[in-house]
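What follows is a short report on a single structure.
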Amino acid sequence: MRLSRYFMPTLRDAPADAQIVSHRLMLRAGLVRQEAAGIYAWLPLGLRVLRKIEQIVREEMDRAGAVEILMPTLQLADLWRESGRYDDYGEEMLRIKDRHERDLLYGPTAEEVVTDIFRSYVRSYKDLPKNLYNIQWKFRDERRPRFGVMRGREFLMKDAYSFDVDEAGARASYNRMFLAYLNTFARMELQAIPVRADTGPIGGDLSHEFIILAETGESEVFAHRDLVEMGAPGPDIDWFGDLQPLVDQRTRLYAASDEMHDQARFEAEAPPEKRMTARGIEVGHIFYFGEKYSKPMKAVIAGSDGVERPAQMGSYGVGVSRLVAAIIEASHDDAGIIWPESVAPYGVGIINLRPGDAAVDAACERAYAALTTAGKEPLLDDRDERPGAKFASLDLVGLPWQLIIGPKGLAEGNVELKRRATGERQAMPLEAALKVIAP
Ligand SMILES: Nc1ncnc2c1ncn2[C@@H]1O[C@H](COP(=O)(O)OP(=O)(O)O)[C@@H](O)[C@H]1O
Ligand SMILES: [Mg+2]
């Protein structure tokens, strides 16, 4: 992409009401624009990051055996009346009437819709397990939308729903999601800690929140340091084999969010030097809730004994749009965003220090073509701007590499290559720089 033809509306200053660094940087780098409280338009750069995050989530869901569908944003109130949640959900639900006076709502989540889909087709234990997911916009009329897309009213969520014939099967489905989440966040270079979470009125021990550490986070976490340092399991595990040991290895170490925290247990289970207390951002949340929806909605499965029982269900959410902000909270400096390679909107920024200079233009075009071919998605700054402004805007938008091409360097046969994360700059011939970026 050439900046002269692009739409990247960067701002020198963020609006004063943007309180946390990710919100300020998202506005300044031109990733999003607020249209109403908690409702955002995604501008080109922000949309590219959102799509990359979405794609990582999708690939890891698919790897773990989940199947993608797309459910509507508007749902029938009658389905929620069946589950008994229509009246309970309260003011967070945006309720709508169509021209026939039928009650609709903008989905805050999709347990009812997916249960309705499932019960329409699946009857036998032979068809299980199933895990259906979608990546779709949700609406929750939060009382206090804040921190930009971190806590929006409209936000993009990946929500998966598992269906099993019994509790053992449901636990295996849960384990697949638990481990897939660790891999998902690791690919975004995030260290996500699975903490025990409140299961609400359903009870049971099967709910975890995935928290990434950040001072501005809304949750407080208490965790054993060994868990914080334990890596993700990696993609090459036997997804349909016994995953319990891999999950146990992690869940036996203490980790809880504030509402589940038990100080006495923490002190008993973690020696003082292993106790970590920190703030964090919830980027994912998984639940096993059994028959909560399948029973009232009569999503029943015939077992091998021929007896029909409600399907055992779980649900698994990832805050896709929240992750854009969470990654920035975890990776930035005073000059701007530092995107991890895997979600960067473009792989490299080429800075043309003197547009109109034939040699500089030619070198930039050569770099642009080579990097495009290598799949590095270059963004060429060919605007008629001062070098200082170009450096500042590329630092702000945070692409992993900057390739700086100007008349002085070229006269000596060199360009400059800068690594955004470290600030390290090195002069070298163009061909050598291209080899570093795209080995
Ligand atoms: N208002 C919001 N804005 C952005 N992301 C959200 C919002 N609410 C929830 N999410 C994301 O969606 C994921 C799944 O949501 P869920 O756990 O159902 O919500 P809650 O934590 O409110 O119970 C959360 O872990 C979070 O990452
Ligand atoms: Mg949650």
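What follows is calculated from the coordinates using simple rules that are stated; it is not laboratory data. Computed from a predicted structure; not experimentally measured. All Cβ positions, glycine included, derive from the backbone under ideal geometry; neighbour counts span all protein chains shown.
Quick notes on this structure:
- Segment 346-437, dipole about Cα centre (Lys/Arg Cβ +1, Asp/Glu Cβ -1), debye to the nearest 20: 260
- Remark: the residue 361-residue 438 segment gains 25.6 nm on full extension, using 0.36 nm per residue and subtracting the alpha carbon distance.
- With the charge dipole of segment 346-437 set up from +1 on Lys and Arg Cβ and -1 on Asp and Glu Cβ about the Cα centre, the Cα lying farthest toward the positive end among the listed residues 368, 421, 346 is that of 421.
- GluC sites (Glu not before Pro) within segment 1-108, DSSP loop, no more than 16 other Cβ atoms inside 10 Å: 101
- Put simply, when 375-388, 160-173 are sorted by average Cβ atoms within 10 angstrom per residue, most first, you get 160-173, 375-388.
- Viscosity 0.890 mPa s, temperature 25 °C, Stokes-Einstein D of the chain from Kirkwood C-alpha radius, µm²/s: 103
- Remark: relative contact order (the chain) = 17 percent; criterion is Cα-Cα distance under 8 angstrom and separation of 6 or more residues.
- Cross-link pairs 126/158; 130/298; 376/435; 138/298; 390/435 - those with Cα-Cα distance over 20 Å: 126/158; 138/298; 390/435
- Coupling constants for segment 30-35 follow from the phi torsions by the Karplus curve (6.51 cos²θ - 1.76 cosθ + 1.60, θ = phi - 60°), and in residue order they are x, 8, 9, 9, 6, 9 Hz; glycine and proline get x.
- Put a dot 7 Å past the Cα of residue 309, heading toward its Cβ, do the same for residue 225, and the two dots end up 4.5 nm apart.
- Estimated FRET transfer efficiency when R0 is 51 angstrom, pair residue 33-residue 81 (beta carbons, to 0.05): 0.85
- Rel. contact order, % - alpha carbon contacts under 8 angstrom, at least six apart, segment 346-437: 31
- Our estimate of slack between residue 168 and residue 265, defined as 0.36 nm per intervening residue step minus the Cα-Cα distance, is 32.2 nm.
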